[in-house]
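Written below as structure tokens is the structure these notes are about.
Every number in this text was worked out from the coordinates using simple rules, so none of it is lab data. Because the structure is predicted, anything quoted here is derived from the model rather than measured. FYI the Cβ positions are ideal-geometry reconstructions off the backbone, even for glycines, and counts take in every protein chain you see.
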Amino acid sequence: MAGSTSKTPARKTAARKSASKTAAKTVARRAPTGRAPAGRSAGGDGGSGGDRSLVIVESPTKARTISRFLPSGYKVLASVGHVRDLPQNASEIPEKYKKDAWARIGVDVDNDFAPLYVVPGGSRKVLAELRAALKDVDQLILATDEDREGESISWHLLQELKPKVPVRRMVFHEITERAIQTALGEFRDVDENLVKAQEARRIIDRLTGYTVSPLLWTTVAPRLSAGRVQSVAVRLVVVRERERRAFRSGTWWDLVAQLAHLDAQFEAKLITVGGKRIATGRDFDKTTGRLTGAEGASPRDLVLLDEAAGTALVARLQNAAWKVTDRTEEPFTTRPSPPFTTSTLQQEANRKLGLGAREAMRVAQDLYERGFITYMRTDSVSLSAQAIDAARACAREFGPEYVPDKPRFYANKSANAQEAHEAIRPSGERFKSPDETGLSGREFRLYDLIWKRTVASQMPDSRQTRMVVTIAADNAEFRASGKRIDFAGFIRAYVEGSDDPEAALDDKEVVLPALVVGDTPECRALDAVKHETQPPARYTEASLVKALEELGIGRPSTYASIMDTIQARGYVRQDGKALVPTFTAFAVTSLLEERIASLVDTQFTAKMEDQLDEIARGEQDQLSYLKQFFFGDKSHPGLKPMVEKSAADLKKEAGGARLVKLEGVNADIRIGRYGPYVEVMEDGAPLRASLPSDMAPGDLTDELVQELLRNRQEGPPVIGTDPDGVPIYMMSGEYGPYVQLGDVEEGSKTKPKRTSLPKGVTKENITIEIARGLVSLPRALGTHPESGNAIRASLGRFGPFVVHVKGGEGGKDEYRSIPATDDVLTIALPRALELFAQPKGRRGASSSVVTPLRELGAHPEDGRAVLVFDGRYGPYVQLGPNTSDRKAKPIRATLPNDLKPDAVTMAQAVQLLEAKAGRPIVKKKPARKKTARSKA
């Protein structure tokens, strides 16, 4: 490829010249190999100290950061992402190629899949600036990211700039002075194989999208899309929803006892009656809801309690003699998780911080480009020797016992050549603690997560003991389970999150009293408790990324875009953190499963990923791979013939692809022009009703269908009337349920007042009082005592808020979110004024006010308040109040395990805070004012 020193002869697809000067677009057909300008090496050392160098990176932020570590003769500019790509629409296709049928796709499949590259309008100015800068330098250094996207950007820059000076490829995985200086001495060539792999991936994604999507437009609905990875991801979500539909609940009861021994209370659960085990959720068949037995147990060997049997058992055992018959203690250890890869970072950011994959990567990109963390697109779990030393140094702050004798090394399971080769970690030879960074909001929280995970990965195992006590009462046996942390180890720094809320409590100690066999605890309460088996949980972004990674589908640089695409295309919506497929997703998945099965087959897609990795390693030929994928061979029919056959077959089945069949629903579900709807035949005529946008396919029942059809015939239900007698209707729309005041008058341009239901209010629990309040929004609360301007409360896209009209800077309206503890329908002026008195938070940053457990008083030297809080990772002391002023940022120190929040003294708090700060804390002297000298 151009800019490389490869001796491989170029394939017969010479670069085409610019199509039209007047069009001001650069167009090129890919030349897969090439050489650096004659006599000038693309690799080599950094050149002489007097060389004037142009360094090109992707972003202005990265350019600013890297420029701090380069000598004065180096000029750093940004390409602002990709400078060339396949045409995005017909207007970008040069006049020269508009009549060519292949130009619409941007890939000439009959000419060795040669891509048509164009320079989009936004990149033309950037390239002009780069060309101008290139005239005044002695060498060009391409310092784009070290993954396949970065390699591709470097290659495209070479194709456009055509430099006449030596070209050098510079890579680094963190932006620190040491890393940059090392990279300056380790230049290499542009990796042709990596570029070929990226180009092949781009081509097959384009071929898939531009050939399959039109099939969906004509058979299902306009503006739909299909993709090599996105369609598989959608199918996983749809399959899980099908499992939920097929699920049948099973019901069982058990007994829970509250026991006490020596004034220590603990809980025990019923496990056997008369020598037979009590049936639990694992003993039920998921598709029938019937008792089948687990782990080889026969239903005859189980006791299935119902309410009557459970209540009778409570009455019999309540006053029975309770006696400990067995106690076991089993020591175990847990190991820390490896440092973050891209996918595990996205999963934890979703679980712990509530960030979507796209947002997590945006924040991580910002942290990387500002020099806080290493490169964030990686599938490696390894750490450099420098990073291991830095992590061990941080672990030592917890105490010498928290540093193992030998470093921990983590093996990388993936053999991918296309990604970075170190895990995501804090950058540098010494890891800055989160408090040292000066970060705030999401950036602080994500860095904090990365810092803790990295440090914990070099800490010792956590040693714990699992305790089980068996207690007999008459012919029943109860079991109490506990866990004791003997040595915290890595969990002093970090505990991995979980998609299961119950599993998230695994790090907590559950201490049992010092019971021995023969002890007779007192039964203080005994209750029969009902349980129902639950359907398989819907995917979250975290669990879907995990599933894709385990299946070998997608790569670190693609997970975020996959999550983004499947939601943006209307295939999946979020309900809380759960990913819920739409009826359109059901229709499209069914069509692809039936017509183009390989496109949604997980094994086939994973094999494609492996083949792309082989291209990146130089083990697979790019052209033969593309031919097999598109045209097919004996082992694979090929995308083109499959799409052509499907299009011909579907023409004979008008409207068939728009039909969604759901078992147990006696109606047709169809995808219409304005969304999904149900249809039944009544007296020979179709009766239809739109499906609410928040209706999940897994939750649709025959009863709900009948209710929708009835409402369609009779009109929406009336909640009541407002004080003037105008009816208030309960409605369902594209964005969920809402209330409407009055009717739509024919011919009137004025729409009735409509308000969405706030969080916590549903169609089932709404009252006429709430409905009247909602249709009366916005509420006037009064006027601001200083400005005299109005203050109102209302509901918006992001929830309830108060607004101070023209009360902000420059006469703009000033807003504050209403906390969950307040109600938009009842909040009064004094509370609104309190909210406006607080510093304005950024969207996405935590805006909740944390109440301290204790106030110890004023620091004896500093004078600020010393407070005790209960934080996410345990109790801590804090010097100074929370504030948005970075100069007055509070100091926080975690309480040791043996020091309880209600027992900490001021002296202990001062000692902990000074140890955290690394210095004595004294009151700052006020800065002396400088007096200007008078001129003589």
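Structure values in brief
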read-out	value
Beta bridge orientation in the chain: antiparallel %, DSSP, nearest 5	90
Cut-off under 5 Å, modelled amide H: who pairs with I141 long-range	L54, V55, I56, R168
Taking V190, V76 and counting other C-beta atoms within 10 Å, the order from fewest to most	V76, V190
Burial order of peptide ranges 475-481, 583-589, 177-183, 401-407 (average beta-carbon count within 10 Å, highest first)	583-589, 475-481, 177-183, 401-407
Contour minus Cα-Cα distance for E764 and T905 (0.36 nm per residue)	45.7 nm
Point-to-point label distance, N111-K651, nm (Cα→Cβ direction, 7 Å offset)	2.9
Calculated FRET value between A260 and A858, using beta carbons and R₀ = 45 Å, to 0.05	0.60
Length released on extending from R64 to T182, taking residue separation times 0.36 nm less the Cα-Cα span	40.6 nm
Karplus-derived 3J(HN,Hα), 6.51/-1.76/1.60, for each residue of the range 241-256, Hz, glycine and proline x	5, 5, 5, 5, 5, 6, 5, 10, 6, x, 10, 8, 10, 9, 10, 10
Rounded to whole Hz, the Karplus (6.51, -1.76, 1.60) HN-Hα couplings of the range 736-750, x for glycine and proline	x, x, 8, 9, 10, 9, x, 9, 7, 8, 4, x, 8, 7, 8
Net lengthening on full extension, T821/Y210 (0.36 nm per residue, minus Cα-Cα)	215.0 nm
Alpha-carbon centroids, the range 561-607 and the range 388-412: separation in whole Å	42
Dipole of the chain, positive end: most advanced residue of A183, Q911, L833 [Cβ charges, Cα centre]	A183
Cleavage-rule hits, chymotrypsin sites (Phe, Trp or Tyr not before Pro), the range 774-819, DSSP coil, Cβ neighbours within 10 Å at most 13	F798
3J(HN,Hα) from dihedral phi, the range 445-456, Karplus parametrisation 6.51/-1.76/1.60, rounded to Hz, x for glycine, proline	5, 6, 4, 4, 5, 5, 4, 5, 5, 5, 5, 4
5 angstrom amide H check on V303, placed H, neighbours 5+ away	R277, I278, A279
Long pairs among K75/K162; K269/K900; K749/K806; K607/K645, criterion Cα-Cα beyond 22 Å	K269/K900; K749/K806; K607/K645
For A689, residues with placed amide H under 5 Å, excluding near neighbours	V678
DSSP-loop GluC sites (Glu not before Pro) across the range 256-347, with at most 11 other Cβ within 10 angstrom	E295
Qualifying trypsin sites (Lys or Arg not before Pro) in the range 70-143, DSSP loop, other Cβ atoms within 10 Å at most 14	K98, K99, K135
Restraint check, K352/K452; K286/K763; K352/K546; K432/K483, Cα-Cα greater than 24 Å	K286/K763; K432/K483
Listed residue (V119, T334, Y677) projecting farthest to the positive dipole end of the chain, Cβ model	V119
Cα gyration tensor shape for the chain, rounded if a/c is under 1.5, else prolate or oblate	rounded
